[in-house]
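Colleague: If you scroll down you'll find the structure; I have some questions about it.
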Amino acid sequence: QVQLVESGGGLVQAGGSLRLSCAASGRIFSINVMGWYRQAPGKQRELVARITSNGSTNYTDSVKGRFTISRDSTKNMAFLQMNNLKPEDTAVYYCNAALFQTGIIPRYVEVWGQGTLVTVSS
């Protein structure tokens, strides 16, 4: 009963910028962690950035200084501002959330979005 929907992917030249958005909806009691992952062809899915409910952030080394994760807890949304994009950033980007969903007995679940494609040309 919870879904994540990503938007903002597309084609951009190296050095350009994109902002990804993730909207969580459904029976959400509280969201603990939201994160962005990416998966390039032939590669395993990797963590790009994550943000906790208290605002703590973590980034993979390859994006530090270029990407910024943020969230709007009142709207159950997360964002990934990507600057100075490089061809190696090309991947499908997935939003992820670890949250409590409402119910007779609340459940702590991990939810994935469908993904949005980011392509960075040389």
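Colleague: Please find, within the stretch 41-97, the residue that is surrounded by the fewest Cβ atoms within 10 Å (Cβ to Cβ) out of those that are in contact with a Gly (Cβ under 7 Å, 6 or more places away or on another chain) and not in a strand (DSSP E or B).
Modeller: Looking at residues that are in contact with a Gly (Cβ under 7 Å, 6 or more places away or on another chain) and not in a strand (DSSP E or B), I get Asn84.
Colleague: Name the residues in the stretch 64-96 that are at pLDDT below 95 and among the basic types (Lys, Arg), would you?
Modeller: Lys75
Colleague: Let me ask another. Which one is farthest from Gly8 (Cα to Cα) among residues in the stretch 98-112 that are assigned to a strand (DSSP E or B) and open to solvent by 50 Å² or more (accessible area, probe 1.4 Å)?
Modeller: The extreme case among them is Arg107.
Colleague: Which pairs turn up if I take residues in the stretch 96-110 that are touching a residue at least 40 places away in the same chain (Cβ under 8 Å) and look for partners that are in a loop (DSSP other than H, G, I, E, B) and surrounded by fewer than 14 Cβ atoms within 10 Å (Cβ to Cβ) with beta carbon separation below 7 Å, at least 6 apart in sequence or on another chain?
Modeller: Close Cβ pairs satisfying both conditions: Phe100/Pro106; Gln101/Gln1; Gln101/Arg27; Thr102/Arg27; Gly103/Arg27.
Colleague: Which residue is nearest to Gly65 (Cα to Cα), if the candidates are limited to the stretch 97-106 and must be at pLDDT 95 or above and out of contact with any Lys or Arg (no Cβ under 8 Å at 6 or more places or on another chain)?
Modeller: So the residue we want is Ala97.
Colleague: Identify all residues within the stretch 1-17 that are out of contact with any Ser or Thr (no Cβ under 7 Å at 6 or more places or on another chain), assigned to a strand (DSSP E or B) and open to solvent by 30 Å² or more (accessible area, probe 1.4 Å); write none if there are none.
Modeller: Val5
The values are calculated or read from the model by the stated rules, or taken from the named source; none is laboratory data. All figures in this text were calculated on a predicted structure; none of them were measured in a lab. Backbone-built Cβ (ideal geometry, glycine too); neighbour counts: all protein chains shown. To get the accessible areas, we keep the full protein, side chains included, count just its heavy atoms, and leave off ligands, DNA and RNA. Shrake-Rupley method; radii C 1.70, N 1.55, O 1.52, S 1.80 Å.
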